Amino acid sequence: MCGIVGYIGLRQAAPVLLDGLAKLEYRGYDSAGIAVYDGKDINITKSKGRLQVLCELTHDGEKLPGHVGIGHTRWATHGEPNDVNSHPHFNESRSIVVVHNGIIENYASIKAKLIEKGYNFVSETDTEVIAHMLDYYYKGDPLEAIRKVMHRAEGAYALGIIFKEKPDMLYAVRKDSPLIVGKAADGNIIASDVPAVLKYTRDVCFIQNGEIAVLSKEDIKFCTIDAEDIQKEFTKIEWDVNAADKCGYEHYMLKEMFEQPEVIKDTLGSFFEDDRIVIPGVSITDEEIKKISKIYIVACGSAYHTGVTAKYVYEGMARIPVEVDLASEFRYRDPLLDKDSLVIIVSQSGETADSKAALEEAKRRGVRTLGIVNAIGSSIARDADDVVYTLAGLEIAVATTKAYSAQLIAHYMIALKFGLIRGEISEEEASDYIKDLKKLPDQVEMLLNNREKIQHFATRYAAAKDVFFIGRGIDYAISLEASLKLKEISYIHSEAYAAGELKHGTISLIEDGTLVAAVLTQEELYKKTMNNIVEVKTRGAFVLSVTNEGNTEIEKISDYNIYIPQTNKYFTNSLAIIPLQLFAYYVSVGKGFDVDKPRNLAKSVTVE
Ligand code: M6R
């Protein structure tokens with residue numbers, strides 16, 4: 001989604017803006033622009049395409065001198081990606097300039113009224129109404145104008161605003177779209193996400209809904225939409241300085257895949273205090289855990305897929321019934337939530353619009369909520385009753401890998417703790433589970449190090465037109481994620497099917513040479529899925545199988561086989577997904593695609 005950066009301080013603003021936007025590229029964008037105030041005029045340069053174009057047009061910012069400015073990477077929603085629709089946007093007299101992340105839902109009616117009042121629009125964007133509305137309400141007091149706009153605009157927005165009449169001020173506003181403020185020694189910064197400010201400061205404040213930040217060179221003040229002054233705390237960001245660098249890897253995705261052993265170890269470690277299992281930072285009592293009647297896992301994309309696996313784990317270990325819902329469905333389906341149910345919202349970014357709305361829906365119905373979130377201080381982390389942080393660190397590649405792996409670990413450990421508290425697991429069983437969990441980092445590392453075989457296979461199959469992933473139980477959940485990984489970065493059509501469902505329709509698509517990837521890690525279902533492999537082989541499929549070490553019988557029917565080390569049946573997802581992530585990655589590399597920034601996709605989907 002769009003990225004915002006703003007700077008006011010002693011430095012030249014333009015290079016800081018360009019640098020910050022580069023750190024937000026991972027969010028996905030199709031155009032970019034910056035506006036810098038030189039004390040006399042506000043000058044804008046913007047363009048469709050990569051940030052590199054903007055750097056060239058501005059000579060790396062030199063062409064736009066000035067110490068206050070705002071920048072934007074746009075992911076088009078209203079109006080095609082072109083120079084005119086790119087941000088920043090001016091009012092007609094070019095005295096107010098705005099960048100915006102989010103969607104102004106009632107922009108059409110506002111636009112119609114502004115046109116009636118004589119305003120002329122140059123772009124097709126919803127954002128331009130903000131610039132004109134600010135102009136309409138501005139009578140010398142920017143805060144008053146901003147508040148009026150906030151009362152009028154519906155939808156989600158984070159805004160960065162400069163008023164020509166206030167050369168020493170930068171304004172930032174948030175409602176439902178992320179925005180942070182960073183306090184540096186030589187100036188102050190706003191941004192959609194932490195990586196954009198890390199080069200300048202680690203002191204960061206998360207702006208909340210309905211809050212306004214007023215930045216000058218030396219100072220940052222906060223107030224609410226209702227004109228109440230507020231004091232806000234700054235958080236020290238402890239991320240590794242290399243978090244936003246590729247560190248020699250060709251792509252962020254590859255780097256992040258290789259970080260998985262560490263991420264699994266860290267996330268796992270956070271669930272132990274002196275060898276005692278804890279759910280870190282969670283206030284839910286043992287009595288409340290015993291009373292949970294049902295768990296709803298609600299999320300989008302890969303986070304949802306972790307829920308599909310987790311259903312088996314919570315039901316198996318803690319004997320609590322689980323429903324897994326896509327957040328975009330849950331929020332509108334009028335769910336029947338028992339007062340003793342627990343809604344678990346899973347999200348890497350903590351800002352996914354549908355997941356946030358689902359959380360609000362659950363809270364409105366008075367049900368206890370728990371967030372499994374990666375981004376510290378994000379909306380879901382703040383708004384859920386309890387939050388468990390996954391310790392994946394900054395994830396930049398649009399296709400998630402390490403955050404997904406960390407989410408799985410969080411589910412395993414919560415299920416284990418719930419199982420213990422509810423008396424469904426004995427201490428002895430728990431210690432066996434823990435032994436297996438502690439082996440996962442080394443096992444994942446081993447799979448990553450043995451990547452040549454899958455790399456070789458990916459090179460051969462980069463030209464595939466359709467790929468079908470099949471599996472049963474947890475293997476079906478793994479298939480869902482493997483299929484999503486492949487399609488999002490390689491643009492190959494792929495589908496995941498519960499292996500037993502194939503013959504109810506989809507098998508008609510299997511023809512000579514169709515690639516079928518079968519996942520067989522659940523021993524009790526191994527023979528069943530083998531039968532399904534035979535069915536697709538009979539119709540000409542070429543079969544890649546991912547199965548447990550020792551299942552060599554597979555070699556009689558499957559064409560290409562990848563073995564994963566032995567682990568408990570609940571944890572196989574953490575291992576089997578590794579070669580399948582690598583497969584997607586190497587196919588995308590083989591096709592010459594932009595692995596980290598696949599077309600049409602954004603890292604955090606902050607609009608519905
Ligand atoms: O930030 P979230 O975990 O809430 O994001 C959910 C999905 O948008 C995300 O998992 C998406 O499907 C990824 N691109 C998958 O790689």
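Once both labels are modelled 7 Å past Cα along the beta-carbon direction, what's the GLU555-LYS435 spacing in nm?
Using points 7 Å along Cα→Cβ, the separation is 2.9 nm.
Give me the Å³ per residue figure for the convex hull around the C-alpha atoms of region 34-112. Please list the in-between numbers first.
On the way: hull volume 7.5 nm³, N = 79.
Roughly 95 Å³ of hull volume per residue.
Provide the three semi-axes, in whole Å and in decreasing order, of the ellipsoid equivalent to region 72-163 as defined by the square roots of 5 times the Cα gyration tensor eigenvalues.
Value: 18, 14, 13 Å, ordered largest first.
Kindly identify region 371-523 as rounded, prolate or oblate by the Cα gyration tensor criterion: order the square roots of the eigenvalues as a ≥ b ≥ c, call it rounded if a/c is under 1.5, otherwise compare a/b with b/c, prolate if a/b is larger, else oblate.
In terms of gyration-tensor shape, prolate.
222 nm [θ] for the chain, helices only, -39500 (n - 2.57) per DSSP H run of 4+, per residue, to 500?
Mean residue ellipticity, 222 nm, calculated: -10500 deg cm²/dmol.
Per the Cauchy relation, a quarter of the hull surface: what is the mean projected area of the convex hull of the alpha carbons in region 330-371, in nm²?
Average of the hull's projected areas for region 330-371 equals 2.6 nm².
Kirkwood Rh and Cα-based Rg: tell me the resulting Rg over Rh for region 1-81, rounded to two decimals.
Taking Rh as the inverse mean 1/r over Cα pairs, Rg/Rh reads 0.96.
Tell me, LYS402, LYS527, LYS46 in order of fewest to most beta-carbon neighbours within 10 Å? Kindly include the intermediate steps, with their values, before the conclusion.
Values: LYS402 29, LYS527 10, LYS46 24.
Exposure proxy ranking, most exposed first: LYS527, LYS46, LYS402.
Can you list residues whose amide H is under 5 Å from ILE562's amide H, if they're 5+ apart or on another chain and H is modeled 1.01 Å from N?
When sequence neighbours closer than 5 places are left aside, the close amide H contacts are SER545, VAL546, THR547.
Relative contact order, percent, of the chain when contacts are C-alpha pairs under 8 Å separated by at least 6 residues?
That works out to 12 percent.
Skipping prolines and chain starts, which residues have an amide H placed within reach, meaning under 5 Å, of the one on ILE344, given they are 5 or more residues away or on another chain?
Amide H neighbours of ILE344, under 5 Å, 5+ apart: TYR296, ILE297, VAL298, LEU370.
Under 19 Å from the Cα of LYS528, which lysines turn up, not counting those fewer than eight places away in the same chain?
LYS503, LYS537, LYS556, LYS569
Work out, step by step, the length gained on full extension between PHE593 and GLU116: first 0.36 nm times the residue separation, then minus their alpha carbon distance; give nm to one decimal.
Full-extension gain reported as 167.1 nm.
How high is the FRET efficiency from GLU524 to SER426, r the C-beta distance, R0 30 Å, rounded to 0.05?
0.90
Can you return the lysines within cross-link range of LYS111? Criterion is Cα-Cα under 21 Å, with same-chain partners fewer than 8 residues away left out.
LYS139, LYS148, LYS175
Which distance in Å, rounded to a whole number, links the C-alpha centroids of region 523-554 and region 417-479?
So the two Cα centres are separated by 17 Å.
Is region 173-284 rounded, prolate or oblate when judged by the Cα gyration tensor, a ≥ b ≥ c being the square roots of its eigenvalues, rounded requiring a/c under 1.5 and prolate requiring a/b larger than b/c?
oblate
Return the FRET efficiency for the residue pair SER93, ARG382: r is the Cβ-Cβ distance, R0 is 41 Å, and the value is rounded to the nearest 0.05.
The pair SER93/ARG382 has a calculated efficiency of 0.60.
Using only Cα atoms, locate the centre of region 152-186 and the centre of region 269-337, then give the distance between them in Å, rounded to an integer.
Result: 36 Å between the Cα centres.
Residues in region 183-204 near a label at LYS236, defined as backbone nitrogen under 17 Å from the 7 Å Cα→Cβ point?
Hits in region 183-204 for LYS236 at 17 Å: 183-185, 198-204.
Report the semi-axes of the equivalent ellipsoid for region 290-449 in whole Å, largest first, where each axis is √(5λ) for an eigenvalue λ of the Cα gyration tensor.
Listed largest to smallest, the semi-axes of region 290-449 are 24, 21, 12 Å.
Each residue of region 456-462 in order: what ³J(HN,Hα) in whole Hz does its phi give by Karplus 6.51 cos²θ - 1.76 cosθ + 1.60, θ = phi - 60°, with x for Gly and Pro?
Values, residue by residue: 4, 5, 4, 4, 5, 9, 4 Hz.
Treat every Asp and Glu Cβ in the chain as -1 and every Lys and Arg Cβ as +1, leave all other atoms uncharged, and give the resulting dipole magnitude about the Cα centre to the nearest 20 debye.
Computed about the Cα centre, the dipole is about 780 debye.
Can you give me the distance in nm between label points at ASN209 and GLU315, each placed 7 Å from the Cα along the Cα-to-Cβ direction?
According to this spin-label approximation, the distance is 3.3 nm.
Are any of the pairs LYS63/LYS199; LYS183/LYS236; LYS290/LYS339; LYS291/LYS356; LYS40/LYS217 more than 20 Å apart by Cα-Cα distance, and if so, which?
Exceeds cut-off: LYS63/LYS199; LYS291/LYS356.
In sequence order, what are the phi-derived ³J(HN,Hα) couplings for region 95-104 according to the Karplus relation 6.51 cos²θ - 1.76 cosθ + 1.60 with θ = phi - 60°, rounded to whole Hz, with x for glycine and proline?
9, 9, 10, 9, 10, 9, 10, x, 9, 8
To make sure I understand, if each residue's beta carbon is the centre and we count other beta carbons within 10 Å, what order do THR552, THR58 fall in, fewest to most? Walk me through the intermediate numbers first.
On the way: THR552 10, THR58 22.
By the 10 Å Cβ count, ascending, the order reads THR552, THR58.
Cα gyration tensor of the chain, axes a ≥ b ≥ c as square roots of the eigenvalues: rounded (a/c below 1.5), prolate (a/b > b/c) or oblate?
Prolate.
What distance in nm separates the simple spin-label points at GLU329 and LEU601, each placed 7 Å from Cα in the Cβ direction?
According to this spin-label approximation, the distance is 2.1 nm.
Give me the extension gain from ASP219 to ASN450: residue separation times 0.36 nm, minus the current Cα-Cα distance, reported in nm with one decimal.
Residue separation times 0.36 nm, minus the Cα-Cα distance, leaves 77.9 nm.
For GLU395, GLU250, GLU495, which order do you get if you count the other beta carbons within 10 Å of each Cβ and list the fewest first? Intermediate results must be reported in sequence, preceding the final value.
On the way: GLU395 27, GLU250 12, GLU495 15.
If I rank by nearby Cβ atoms, fewest first, I get GLU250, GLU495, GLU395.
Throughout, read-outs are computed from the coordinates displayed, never taken from laboratory work. Since we're looking at a predicted model, the values are computed, not measured. Every residue, glycine among them, receives a Cβ derived from its backbone with ideal geometry; neighbour counts consider all protein chains shown.
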